[in-house]
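Q: The structure follows.
Throughout, read-outs are computed from the coordinates displayed, never taken from laboratory work. As the structure is a computational prediction, the values presented were derived from the model and not from experiment. Every residue, glycine among them, receives a Cβ derived from its backbone with ideal geometry; neighbour counts consider all protein chains shown.
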Amino acid sequence: MIASLLCTPGHNYILGVNGTPVRILRKHLTSLAQMWSAFSYSNLSPTTHTSDINLERSYLIYGIITGMDIDIGAHISLELSNIADAANVSLGFPALITALCKARGVTSDTPVLLPLQPPIDGRFIRKNCFNRSHEQPPPEPTQTQHVGPSRPPRGTPNLYTNPSFQDAMMYMYAQNDALRRGQMCLMDNMHRLSLGIPDFPDDSVMTATQFEEHVPWPEDRPTFVRGRENQAPPQQPDEAEADQQGHVEEQQRQPSPWRLWPHQP
């Protein structure tokens, strides 16, 4: 999900030796992701390596682009703490650190001259953040001679009756069920943990039952049929259209799984 938003089509995370995501190459980032990565280098998470983005920075940029709630003050405070604890690291947030020192009455007579980064304006974005390979329009389709539709070969196997496909789908369903049980367990533990925090509103975190009501989980699974002789007869056009309309109406009646839990003051 993150890679599909930050990367240009056809690209993904670079994997490490153990197969886990490590970073995204700068040339594979979209123009919007490159713009926010440049902003994060100067104002959120200073670093001397301003080309590829690592896994943690990709999370930060994804949260900014999608509008997630992020405590920027806590994030910058953690970055300042890491800079102070590091033995050899370049100074980040020079203006902020100077202002904090002055607020505490710490002054220095020695002038510190540091080069300022250029402003992130239209000129900077066109020069450093514009991914031309992604923004350019797609090539026009070439004129080809009209060829009549080819007949499908006889005896083509049906994918949905293929035993390997059915086994893979059942394995995927089992994985999804395990993930759902983990979600319910995490939600229940978070609710129990919130009850032990003083002055913490009891209704700020959903219980497992409330989570189940607001994020319904489908109970039924499709029934696979082994072999071609047991396939159901094809539906007539009127019946297929009626079934499709009923499926759309059923989806519209279900609550949205992405609705935020209302916070009671």
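Q: Report, by chain and number, residues whose modeled amide H sits under 5 Å from the one on ARG23, excluding near sequence neighbours (fewer than 5 apart, same chain).
A: ILE14
Q: Would you mind putting 50-61, 169-180 in packing order, based on average other-beta-carbon counts within 10 Å, highest first?
A: Averaged packing, sorted descending, gives the order 50-61, 169-180.
Q: Taking the simple approach of a point 7 Å from Cα along Cα-to-Cβ for both LEU96 and LYS27, what is their distance in nm?
A: Reported label-point gap for LEU96 and LYS27 is 3.3 nm.
Q: At 0.36 nm per residue, minus the direct Cα-Cα distance, what do MET169 and GLU212 gain on full extension? Give it in nm, one decimal, please.
A: Roughly 13.1 nm would be gained on extension.
Q: Counting other C-beta atoms within 10 Å, and keeping those with at most 11, which DSSP coil trypsin sites (Lys or Arg not before Pro) do you find in the range 58-137?
A: ARG104
Q: For GLU56 and SER4, compute 0.36 nm times the residue count separating them, minus their Cα-Cα distance, and round to one decimal in nm.
A: Length gained between GLU56 and SER4: 17.1 nm.
Q: Local charge sum around LEU195 (other residues, Cβ-Cβ under 13 Å, Lys/Arg +1, Asp/Glu -1)?
A: Here the count lands on -3.
Q: Turning to a different aspect of this structure: Pick out, from ALA74, THR48, SER90, the residue whose Cα sits farthest towards the positive end of the charge dipole of the range 2-135, with +1 on the Cβ of Lys and Arg and -1 on the Cβ of Asp and Glu.
A: THR48
Q: So what's the net charge close to ILE14: Lys and Arg +1, Asp and Glu -1, counting the other residues with Cβ under 13 Å from its Cβ?
A: +2
Q: Using per-residue counts of other Cβ atoms within 10 Å, averaged over each peptide, order 67-74, 184-191 from highest down.
A: Packing proxy ranking, top to bottom: 184-191, 67-74.
Q: If I model a spin label as a point 7 Å beyond the Cα along the Cα-Cβ vector, how far apart are those points for ASP202 and ILE72 in nm?
A: Going from the ASP202 label point to the ILE72 one covers 3.7 nm.
Q: Placing unit charges on C-beta atoms (Lys and Arg positive, Asp and Glu negative, everything else neutral), compute the dipole magnitude of the range 1-135 about its Cα centre in debye, rounded to 20.
A: About 460 debye.
Q: Just want to confirm a number: the relative contact order over the range 2-135, from Cα pairs under 8 angstrom separated by 6+ residues, in percent.
A: Relative contact order comes out at 27 percent.
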